[in-house]
Amino acid sequence: MIITADYHTHTNYSHGKGTPEENVLAAIEKGLRRIAISEHAGAHLFYGVRGNRLARLRREVDALARRYANEIEVLMGLECNLMAAGKCDAPLPGCADIPCGADLAPFDVLLLGYHKGVWPEDAATRGAFRESFGLGHANPVKVAEALLETANRYHIGMLSHPCEYVQADIPTLARGAAELGVLLEINASHVSLSPAQLREAASYGAKFVIGSDAHTPSRVGTFERAIRAAEEAQVAHLVVNAEGFLT
Ligand SMILES: [Zn+2]
Ligand SMILES: [Zn+2]
(Lines give C-alpha, C1' and ligand atoms only; values in the text may rest on other atoms or scores of the structure.)
(Ligands and ions follow the chains in the order given, each with its own letter.)
Protein backbone atom coordinates (compact mmCIF):
# COMPACT_ATOMS: atom_id res chain seq x y z
CA MET A 1 0.00 0.00 0.00
CA ILE A 2 1.33 3.46 -0.94
CA ILE A 3 0.15 6.45 1.07
CA THR A 4 0.01 9.66 -0.94
CA ALA A 5 -0.84 12.30 1.66
CA ASP A 6 0.16 13.07 5.23
CA TYR A 7 -2.51 15.11 7.01
CA HIS A 8 -0.94 14.93 10.47
CA THR A 9 2.42 16.64 11.01
CA HIS A 10 3.78 18.91 13.75
CA THR A 11 6.56 21.49 13.77
CA ASN A 12 8.60 23.67 16.10
CA TYR A 13 5.57 25.91 16.48
CA SER A 14 4.54 23.36 19.13
CA HIS A 15 6.81 20.64 20.51
CA GLY A 16 7.99 19.35 17.14
CA LYS A 17 11.57 19.74 15.97
CA GLY A 18 11.48 21.05 12.41
CA THR A 19 10.11 24.05 10.58
CA PRO A 20 7.00 23.86 8.40
CA GLU A 21 9.22 24.19 5.33
CA GLU A 22 11.38 21.25 6.46
CA ASN A 23 8.21 19.14 6.75
CA VAL A 24 7.18 20.15 3.25
CA LEU A 25 10.61 19.34 1.81
CA ALA A 26 10.57 15.96 3.58
CA ALA A 27 7.15 15.23 2.10
CA ILE A 28 8.37 16.12 -1.41
CA GLU A 29 11.39 13.88 -0.86
CA LYS A 30 9.07 11.01 0.09
CA GLY A 31 6.99 11.56 -3.03
CA LEU A 32 3.80 12.64 -1.27
CA ARG A 33 1.21 14.62 -3.20
CA ARG A 34 -0.22 16.44 -0.18
CA ILE A 35 0.95 17.48 3.25
CA ALA A 36 -0.86 19.29 6.03
CA ILE A 37 0.82 21.22 8.81
CA SER A 38 -1.61 20.36 11.57
CA GLU A 39 -0.45 21.89 14.83
CA HIS A 40 -1.99 21.47 18.24
CA ALA A 41 -4.83 23.92 18.68
CA GLY A 42 -4.98 26.59 21.34
CA ALA A 43 -6.62 24.85 24.30
CA HIS A 44 -3.69 22.50 24.79
CA LEU A 45 -2.01 23.92 27.89
CA PHE A 46 1.54 23.01 26.86
CA TYR A 47 1.66 22.73 23.07
CA GLY A 48 -1.27 24.81 21.87
CA VAL A 49 -0.52 27.23 19.04
CA ARG A 50 -2.74 30.27 19.41
CA GLY A 51 -3.07 33.99 18.81
CA ASN A 52 -0.27 35.68 16.89
CA ARG A 53 1.74 32.48 16.55
CA LEU A 54 -1.15 30.70 14.88
CA ALA A 55 -1.63 33.68 12.59
CA ARG A 56 2.08 33.60 11.71
CA LEU A 57 1.89 29.85 11.03
CA ARG A 58 -1.14 30.40 8.79
CA ARG A 59 0.81 32.96 6.73
CA GLU A 60 3.86 30.70 6.58
CA VAL A 61 1.84 27.69 5.40
CA ASP A 62 0.02 29.80 2.81
CA ALA A 63 3.41 31.03 1.52
CA LEU A 64 4.73 27.46 1.34
CA ALA A 65 1.62 26.39 -0.55
CA ARG A 66 2.39 29.01 -3.19
CA ARG A 67 6.15 28.35 -3.25
CA TYR A 68 5.83 24.59 -3.73
CA ALA A 69 2.59 24.51 -5.71
CA ASN A 70 4.21 22.68 -8.61
CA GLU A 71 5.59 19.94 -6.39
CA ILE A 72 3.06 19.28 -3.65
CA GLU A 73 -0.20 20.52 -2.22
CA VAL A 74 0.43 22.18 1.16
CA LEU A 75 -2.55 22.39 3.49
CA MET A 76 -3.22 24.30 6.69
CA GLY A 77 -4.50 21.89 9.28
CA LEU A 78 -5.19 22.05 12.99
CA GLU A 79 -5.28 19.23 15.54
CA CYS A 80 -8.08 20.28 17.84
CA ASN A 81 -8.67 19.20 21.40
CA LEU A 82 -11.84 17.71 22.82
CA MET A 83 -12.85 20.01 25.71
CA ALA A 84 -16.41 18.79 26.35
CA ALA A 85 -19.18 17.04 24.47
CA GLY A 86 -19.82 19.39 21.57
CA LYS A 87 -16.87 21.65 22.32
CA CYS A 88 -13.31 21.85 21.02
CA ASP A 89 -10.85 24.57 20.09
CA ALA A 90 -11.50 24.49 16.37
CA PRO A 91 -12.44 27.79 14.81
CA LEU A 92 -16.16 28.38 15.06
CA PRO A 93 -17.77 31.75 14.48
CA GLY A 94 -18.95 33.19 17.77
CA CYS A 95 -16.65 31.19 20.04
CA ALA A 96 -14.79 34.18 21.43
CA ASP A 97 -14.30 32.52 24.81
CA ILE A 98 -11.61 30.15 23.54
CA PRO A 99 -8.42 30.83 21.57
CA CYS A 100 -9.85 29.37 18.42
CA GLY A 101 -8.41 31.56 15.70
CA ALA A 102 -11.81 32.00 14.08
CA ASP A 103 -10.42 34.82 11.98
CA LEU A 104 -7.87 32.40 10.49
CA ALA A 105 -10.45 30.01 9.09
CA PRO A 106 -11.10 28.21 6.90
CA PHE A 107 -8.57 25.55 7.69
CA ASP A 108 -8.06 22.89 5.02
CA VAL A 109 -8.04 19.96 7.43
CA LEU A 110 -9.40 19.76 10.96
CA LEU A 111 -8.38 16.89 13.20
CA LEU A 112 -9.98 16.24 16.57
CA GLY A 113 -8.46 14.18 19.33
CA TYR A 114 -8.44 13.71 23.05
CA HIS A 115 -5.21 14.92 24.67
CA LYS A 116 -4.08 14.90 28.27
CA GLY A 117 -2.97 18.52 28.46
CA VAL A 118 -6.44 19.97 28.16
CA TRP A 119 -8.68 21.04 31.00
CA PRO A 120 -11.84 18.88 31.02
CA GLU A 121 -15.10 20.82 31.07
CA ASP A 122 -17.81 18.20 31.46
CA ALA A 123 -18.46 14.71 32.83
CA ALA A 124 -17.33 12.91 29.66
CA THR A 125 -13.99 14.70 29.46
CA ARG A 126 -13.44 14.54 33.24
CA GLY A 127 -13.80 10.77 32.92
CA ALA A 128 -11.37 10.79 30.01
CA PHE A 129 -8.95 12.93 31.99
CA ARG A 130 -9.00 10.45 34.89
CA GLU A 131 -8.59 7.45 32.58
CA SER A 132 -5.69 9.06 30.73
CA PHE A 133 -3.80 9.33 34.03
CA GLY A 134 -4.71 5.80 35.12
CA LEU A 135 -7.07 7.05 37.82
CA GLY A 136 -10.28 5.38 36.70
CA HIS A 137 -12.36 4.65 33.65
CA ALA A 138 -14.46 6.89 31.48
CA ASN A 139 -17.73 5.73 30.00
CA PRO A 140 -16.56 4.70 26.50
CA VAL A 141 -19.97 5.36 24.94
CA LYS A 142 -20.00 8.89 26.38
CA VAL A 143 -16.46 9.46 25.09
CA ALA A 144 -17.48 8.34 21.60
CA GLU A 145 -20.60 10.50 21.70
CA ALA A 146 -18.60 13.51 22.89
CA LEU A 147 -16.17 13.13 19.99
CA LEU A 148 -18.97 12.71 17.45
CA GLU A 149 -21.07 15.62 18.70
CA THR A 150 -18.00 17.82 18.54
CA ALA A 151 -16.90 16.54 15.14
CA ASN A 152 -20.35 17.27 13.76
CA ARG A 153 -20.54 20.80 15.18
CA TYR A 154 -17.10 21.88 14.00
CA HIS A 155 -17.03 20.01 10.67
CA ILE A 156 -14.06 17.89 11.71
CA GLY A 157 -12.51 15.78 8.93
CA MET A 158 -10.72 13.13 10.97
CA LEU A 159 -10.40 11.84 14.50
CA SER A 160 -6.74 11.65 15.47
CA HIS A 161 -5.48 8.52 17.27
CA PRO A 162 -8.91 7.25 18.46
CA CYS A 163 -8.68 5.30 21.74
CA GLU A 164 -5.26 6.74 22.60
CA TYR A 165 -5.33 7.93 26.26
CA VAL A 166 -9.02 7.00 26.63
CA GLN A 167 -11.13 4.23 25.17
CA ALA A 168 -14.11 5.08 23.00
CA ASP A 169 -16.85 2.59 22.24
CA ILE A 170 -16.03 1.35 18.75
CA PRO A 171 -19.55 0.54 17.48
CA THR A 172 -20.79 3.98 18.59
CA LEU A 173 -17.76 5.80 17.25
CA ALA A 174 -17.53 3.93 13.95
CA ARG A 175 -21.24 4.09 13.15
CA GLY A 176 -21.35 7.81 13.95
CA ALA A 177 -18.15 8.56 12.05
CA ALA A 178 -19.52 6.75 9.00
CA GLU A 179 -22.77 8.74 9.19
CA LEU A 180 -20.94 12.05 9.50
CA GLY A 181 -18.27 11.21 6.94
CA VAL A 182 -15.53 11.61 9.55
CA LEU A 183 -12.41 9.48 9.11
CA LEU A 184 -10.73 7.46 11.84
CA GLU A 185 -6.97 7.86 11.87
CA ILE A 186 -4.58 4.96 11.93
CA ASN A 187 -1.72 6.82 13.56
CA ALA A 188 1.74 5.62 12.58
CA SER A 189 3.47 7.08 15.64
CA HIS A 190 1.17 5.40 18.10
CA VAL A 191 -1.14 2.84 16.55
CA SER A 192 -4.07 3.37 18.90
CA LEU A 193 -6.55 0.89 17.44
CA SER A 194 -5.96 -2.85 17.66
CA PRO A 195 -6.55 -5.04 14.60
CA ALA A 196 -9.77 -6.24 16.24
CA GLN A 197 -10.92 -2.64 16.78
CA LEU A 198 -10.04 -1.72 13.20
CA ARG A 199 -12.02 -4.67 11.88
CA GLU A 200 -14.96 -3.87 14.13
CA ALA A 201 -14.90 -0.21 13.05
CA ALA A 202 -14.86 -1.29 9.41
CA SER A 203 -17.87 -3.54 10.00
CA TYR A 204 -19.83 -0.44 11.09
CA GLY A 205 -18.90 1.42 7.91
CA ALA A 206 -15.97 3.50 9.12
CA LYS A 207 -13.27 4.66 6.74
CA PHE A 208 -9.70 5.36 7.71
CA VAL A 209 -6.87 7.79 7.08
CA ILE A 210 -3.24 7.02 7.83
CA GLY A 211 -1.24 9.84 9.45
CA SER A 212 2.39 10.01 10.53
CA ASP A 213 1.88 12.36 13.50
CA ALA A 214 5.46 13.35 12.73
CA HIS A 215 7.17 15.59 15.27
CA THR A 216 10.41 15.74 13.25
CA PRO A 217 10.79 16.21 9.49
CA SER A 218 12.40 12.78 9.12
CA ARG A 219 9.15 11.17 10.32
CA VAL A 220 6.96 12.96 7.76
CA GLY A 221 5.54 10.38 5.40
CA THR A 222 6.69 7.52 7.63
CA PHE A 223 3.70 5.21 7.75
CA GLU A 224 5.05 1.65 8.16
CA ARG A 225 3.43 0.81 11.49
CA ALA A 226 0.04 2.08 10.39
CA ILE A 227 0.26 0.26 7.06
CA ARG A 228 1.10 -2.98 8.85
CA ALA A 229 -1.86 -2.48 11.20
CA ALA A 230 -4.24 -1.78 8.30
CA GLU A 231 -3.05 -4.80 6.38
CA GLU A 232 -3.16 -7.08 9.40
CA ALA A 233 -6.74 -5.97 10.08
CA GLN A 234 -7.62 -6.29 6.38
CA VAL A 235 -8.93 -2.74 6.16
CA ALA A 236 -6.32 -1.42 3.71
CA HIS A 237 -9.00 -0.95 1.03
CA LEU A 238 -10.77 1.51 3.38
CA VAL A 239 -7.77 3.86 3.77
CA VAL A 240 -8.72 7.00 1.85
CA ASN A 241 -5.19 8.36 1.41
CA ALA A 242 -3.81 5.19 -0.09
CA GLU A 243 -2.94 5.28 -3.78
CA GLY A 244 -5.98 4.41 -5.82
CA PHE A 245 -8.38 5.85 -3.28
CA LEU A 246 -7.28 9.51 -3.36
CA THR A 247 -9.00 11.53 -6.08
ZN1 LIG B 1 -2.61 14.11 19.00
ZN1 LIG C 1 -0.57 15.07 16.58
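Observations on the model:
- For the chain, calculated [θ]222 nm from helices alone, where every DSSP H run of n ≥ 4 adds -39500 (n - 2.57): -10000 deg cm²/dmol
- Subset of 30/116; 17/116; 17/142; 30/207 violating a 29 Å alpha-carbon distance limit: 30/116; 17/142
- Total charge dipole magnitude, the range 5-238, about the Cα centre, Cβ charges on Lys, Arg, Asp, Glu only, Debye to nearest 20: 220 debye
- Between residue 116 and residue 196, residue separation times 0.36 nm minus the direct Cα-Cα distance comes to 26.3 nm.
- Distance in nm between pseudo-label sites at residue 243 and residue 203 (7 Å out along the Cβ direction from Cα): 3.2 nm
- Rolling a 1.4 Å probe over the protein heavy atoms gives the chain an accessible area of 42 Å² per residue.
- Contact order relative to length of the chain, as percent, for alpha carbon pairs under 8 angstrom and 6 or more apart: 21 percent
- Using θ = phi - 60° in the Karplus curve 6.51 cos²θ - 1.76 cosθ + 1.60, the 3J(HN,Hα) couplings for the range 54-68 round to 5, 5, 5, 4, 4, 5, 5, 5, 4, 5, 5, 4, 6, 5, 10 Hz; x is entered for Gly and Pro.
- Its Cα gyration tensor gives the range 5-238 an equivalent ellipsoid; the semi-axes, largest first and in whole Å, are 26, 22, 15.
- Counting only protein heavy atoms and a probe of 1.4 Å, the accessible surface of the chain is 51% carbon and sulfur.
- DSSP-defined beta bridges in the chain - what % are antiparallel, rounded to 5: 10 percent
The values are calculated or read from the model by the stated rules, or taken from the named source; none is laboratory data. Worth saying up front: this structure is predicted, and the values here are computed from it rather than measured. A quick note on method: Cβ atoms are made from the backbone with ideal geometry, for glycine too, and the neighbour counts reach across all protein chains shown. Just the protein is used for accessible areas: all its heavy atoms, side chains included, with ligands, DNA and RNA removed. Shrake-Rupley method; radii C 1.70, N 1.55, O 1.52, S 1.80 Å.
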